[in-house]
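The values are calculated or read from the model by the stated rules, or taken from the named source; none is laboratory data. Please read these numbers as outputs of a predicted model, since none were measured by experiment. A quick note on method: Cβ atoms are made from the backbone with ideal geometry, for glycine too, and the neighbour counts reach across all protein chains shown.
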Amino acid sequence: MSIIEKALNKALELEQSSTNKKADQQNFPERLENIEAAEPVPEPTRKATAEASKIHSIGWSHLREKGMLGPEMAYSQIAEEYRLIKRPLLMNAFPDGDNGLSRANLILVTSSVPGEGKTFTAVNLALSIAMERDKTVLLIDADVAKPSIAELLGIPAKIGLTDLLQDKSIRFSDVLIKTDIPNLTLLPAGKLDRHSTELLASDAMKRLANELSARYPDRVVIFDSPPLLAASQGSVLATLVGQVVLVIESESTPQYIVQEAISKLESCEVIGCVLNKTKKGFGFRYYGYGYGYGYGSYGQQRTDG
Ligand SMILES: Nc1ncnc2c1ncn2[C@@H]1O[C@H](COP(=O)(O)OP(=O)(O)OP(=O)(O)O)[C@@H](O)[C@H]1O
Ligand SMILES: [Mg+2]
């Protein structure tokens, strides 16, 4: 395909995504009520709502032990690295004019194989964005088979995404957990049963993604996901979001594995890569992050980090 044909295809895709975005904004259903609304609710959801309206403190000491971001670390190297990672994501999500991207405020953090640092990246990214005063973040643990965010943040979680997707009596506000960072809300994974992973590919999940993007366009929604090559849910989730951050474990994940993972992301317009756990080029630190970023194809990526 010539460069001109590629450019024409890209223009057509952007036009289509702009049309989809408008359709999304007109079609959201009613169950996703404003989370700040305090209207009376029937039993049995009242108990769950009372639980969800509590503000939970983040366990900073645990995060510190794990080498993660903390509120006192605004001028640290890790804070600076996450600034570099979030900047292009936020520019896409909140452009000055129409950039033609749909659902760019929905960001999926994934990787090729387990253990590359998806949760580490998703949580740090959420903290970094939430600590900017004008941005609100919803962090969703969509790795429902292997949830870890609530525990990592030191927050007790009983119900979450899987419960919301399969129980019509549960409302969105019932499963949200407010944190003591006013701009950060958590949606935990929820109860695990044998249908949990199928729920990620359900129509209910699609509707939730549409609603999140249409009703809360000013909010960043970060999904922690299963690895792309270990299960199909990661690539299904990738079709629901506007941007994907692919975490690659430095000096560990072979290139052909990364390429195979990228082939599962064909539908995604924006794919950013975080090179995680780097051992070189970041001063004395053992771990570091690099960020590469491109539209649609790994081959076109530009590396900033
Ligand atoms: N950049 C980093 N610096 C320090 N520790 C890291 C870094 N990235 C990941 N880790 C650590 O590596 C381990 C695996 O990371 P993490 O749990 O985020 O991976 P994951 O991709 O979410 O794994 P899984 O596929 O099992 O969900 C954790 O102990 C985490 O704290
Ligand atoms: Mg994880």
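Which residues, taken from the stretch 137-159, are in contact with a strand residue (DSSP E or B) (Cβ under 7 Å, 6 or more places away or on another chain) and either on the phi > 0 side of the Ramachandran plot or away from ligand 2 (no atom under 16 Å from the Cβ) (or both)?
V137, L138
Kindly check whether there is at least one residue in the stretch 220-242 that is away from ligand 2 (no atom under 16 Å from the Cβ) and within 25 Å of I55 (Cα to Cα).
The answer is yes, given that some residue of the stretch 220-242 is away from ligand 2 (no atom under 16 Å from the Cβ) and within 25 Å of I55 (Cα to Cα).
Which residues, taken from the stretch 94-116, are in contact with a strand residue (DSSP E or B) (Cβ under 6 Å, 6 or more places away or on another chain) and more than 16 Å from ligand 2 (Cβ to nearest atom)?
Selection gives A104, N105, L106.
Out of the residues in the stretch 142-172 that are among the acidic types (D, E) and outside any loop (DSSP other than H, G, I, E, B), state the one that is surrounded by the fewest Cβ atoms within 10 Å (Cβ to Cβ).
E151
Please pick out the residue among L106, L127 that is buried (at least 23 other Cβ atoms within 10 Å of the Cβ), more than 13 Å from ligand 1 (Cβ to nearest atom) and closer than 18 Å to G67 by Cβ.
So the residue among L106, L127 that is buried (at least 23 other Cβ atoms within 10 Å of the Cβ), more than 13 Å from ligand 1 (Cβ to nearest atom) and closer than 18 Å to G67 by Cβ is L127.
For the stretch 243-290: of the residues being within 14 Å of ligand 1 (Cβ to nearest atom) and of a type in the set (K, R), which is modelled with the highest pLDDT?
K277
Would you pick out the residues in the stretch 197-243 that are within 20 Å of S102 (Cβ to Cβ) and of a type in the set (S, T, N, Q)?
N210, S213, S225, S235, T239, Q243
Does T162 meet the test of being in contact with a strand residue (DSSP E or B) (Cβ under 6 Å, 6 or more places away or on another chain) and of a type in the set (S, T, N, Q)?
no
Which residue pairs have Cβ atoms under 7 Å apart, sit 6 or more places apart or on different chains, and have a first residue in the stretch 136-158 that is over 17 Å from I181 (Cβ atoms) and a second that is surrounded by fewer than 17 Cβ atoms within 10 Å (Cβ to Cβ) and of a type outside the set (V, I, T)?
Listed pairs, sorted by first residue: V144/L192; A145/L192.
Any idea which of D180, D163, D193 is at pLDDT below 95 and within 23 Å of R219 (Cα to Cα)?
When all the criteria are applied, what remains is D180.
Mind checking which residues of the stretch 117-136 are near ligand 2 (Cβ under 9 Å from one of its atoms) and either among the charged types (D, E, K, R) or within 14 Å of T185 (Cα to Cα) (or both)?
Correct list: K118, A122.
Somewhere in the stretch 115-129, is a residue in contact with a Gly (Cβ under 9 Å, 6 or more places away or on another chain), in a helix (DSSP H, G or I), within 20 Å of N92 (Cα to Cα) and modelled with pLDDT of 95 or more?
Yes, that holds for at least one residue.
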